[in-house]
Amino acid sequence: MTLSDVVEIVSGLEAAGVTVWVDGGWCVDALVGRQVRDHEDLDIAVRLSDEPALKTWFVEHGFIAWPSVDESSWNYVVCDAAGRRVDVHIFSFDAEGKNNYGVAYPHESLSGQAVLGGMTIHCIPADWQFQFKTSFKPRLRDLLDVQALAETYGFSIPASHQMTEF
């Protein structure tokens, strides 16, 4: 997944009336102002109410369902013929702002904005992204993301997520 792919997909979805929050590695890149690492996919969060338009856009642009071990009706992957993968996280909040469907994003975690590829995007704010990235056993890519967020925002890296040198 390249930066131009991300801009094309996010801007296309937004033009179709789908509000998209960029999550994961591309969110980290937007927050730190540079691409930290290569990306296999694009992680996005989308309201349940926008899912019909989201699925229509994906079909119109050649994306199909891509089987995943942890897929569900609210967390699934789509892929196109070029191999571009989008990991979709569907959510919904009740009138009080509490999650009532899908991926359990706290309401406040969907309040960020950053610039990615010259485009202003909705994203996970840095403090929440850091919290999310340090809440599970890290892979190398997560360590790189955590390091970049810590360097940019002054977060203290937990021992479990510190990169060690030989």
- request: Write out, first by first residue and then by second, each pair whose Cβ atoms fall under 9 Å of each other, whose residues are 6+ apart or on separate chains, and whose first residue, in the range 37-61, is closer than 19 Å to HIS107 by Cβ while the second is part of a strand (DSSP E or B) and acidic (Asp, Glu).
  value: ASP43/ASP23; ASP43/ASP87; ILE44/ASP23; ILE44/ASP87; ALA45/ASP23
query: Residues in the range 15-29: is at least one farther than 21 Å from ARG139 by Cβ and in contact with a Gly (Cβ under 6 Å, 6 or more places away or on another chain)?
result: no
query: From ASP70, ASP87, which residue is of a type in the set (D, E, K, R) and at pLDDT below 95?
result: ASP70
query: Quick one: would you say THR152 is closer than 27 Å to VAL32 by Cβ, touching a residue at least 60 places away in the same chain (Cβ under 8 Å), surrounded by fewer than 19 Cβ atoms within 10 Å (Cβ to Cβ) and not aliphatic (A, V, I, L, M)?
result: yes
field: Every residue from the range 91-134 that is among the hydroxyl-bearing types (Ser, Thr, Tyr) and either surrounded by 13 or more Cβ atoms within 10 Å (Cβ to Cβ) or touching a Ser or Thr at 6+ places or on another chain (Cβ under 9 Å) (or both)
entry: SER92, TYR101, TYR105, SER109, SER111, THR134
Single unsatisfied condition, PHE91 versus (1) in a loop (DSSP other than H, G, I, E, B); (2) under 30 Å from TYR153 (Cα atoms): (1)
query: With (1) buried (at least 18 other Cβ atoms within 10 Å of the Cβ); (2) free of Cβ contacts under 8 Å to residues at least 60 places away in the same chain; (3) within 27 Å of ALA65 (Cβ to Cβ); (4) aliphatic (A, V, I, L, M) as the list, and VAL146 as the residue in question, which single condition is left unmet?
result: (3)
message: Consider the range 12-66. How many of its residues are out of contact with any His (no Cβ under 8 Å at 6 or more places or on another chain), charged (D, E, K, R) and not in a helix (DSSP H, G or I)?
response: 6
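The values are calculated or read from the model by the stated rules, or taken from the named source; none is laboratory data. None of these values were measured; they are calculated from a predicted model. Here Cβ is always computed from backbone atoms with ideal geometry, including for glycine, and neighbour counts include all displayed protein chains.
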